[in-house]
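The values are calculated or read from the model by the stated rules, or taken from the named source; none is laboratory data. Here the structure is a predicted model, which is why all the values come from computation and not from measurement. Backbone-built Cβ (ideal geometry, glycine too); neighbour counts: all protein chains shown.
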Amino acid sequence: MGLKKSRTIVVRDRCFRWKFKGHRDNMTRYGNSPRFAHVAIQEDVDKPGRSLVAFLESTQFIDDATHDGDTGHIRHLARFGPGDVKRLIEYALDNGWDPSSKTQTILPEEIKLTDHRTINPDPGILS
């Protein structure tokens, strides 16, 4: 069973499905983008392997401690899109990811994306 309510992307002549999920608990946010999120990616085939997962932190996030309310609200407009997904898939494939594997793969931290970077999952923050 593939990812439900996901988007498709073709990378290196292979079709994948991906789903971005923002974590709205335990944080302050401005705009429509959460500070912490994750993306799950699977190959789009009849019997896909386990998801490739990247845990993300916005590089554009502004919290209450650094926000200057006198100058108006600074909107947090971090973006995550198909170009970021393609970069994650290519990184994973280049580093040995087998999309048909039944073992889940979690991408390492510090992969730089448009407005995010990958992080190690912290159960307290990402729950």
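Here are some notes:
- Residue list for region 99-123, filter: more than 14 Å from residue 40 (Cβ to Cβ), part of a loop (DSSP other than H, G, I, E, B) and not polar (S, T, N, Q): 102, 108, 109, 110, 111, 113, 115, 122
- Residues that are in contact with a helix residue (DSSP H, G or I) (Cβ under 9 Å, 6 or more places away or on another chain) and either closer than 15 Å to residue 48 by Cα or surrounded by 13 or more Cβ atoms within 10 Å (Cβ to Cβ) (or both) within region 11-22 comprise 11, 14, 16, 18, 20, listed in sequence order.
- Check on residue 10, closer than 22 Å to residue 89 by Cβ, part of a strand (DSSP E or B), within 13 Å of the chain's Cα centre (by Cα) and at pLDDT 75 or above: no
- Residue list for region 13-32, restricted to those being touching a Leu at 6+ places or on another chain (Cβ under 8 Å) and modelled with pLDDT under 85: 23, 31, 32
- Residues of region 84-106 satisfying the condition of being under 12 Å from the mean Cα position of the chain (by Cα) and either at pLDDT below 95 or among the charged types (D, E, K, R) (or both): 84, 86, 87, 106
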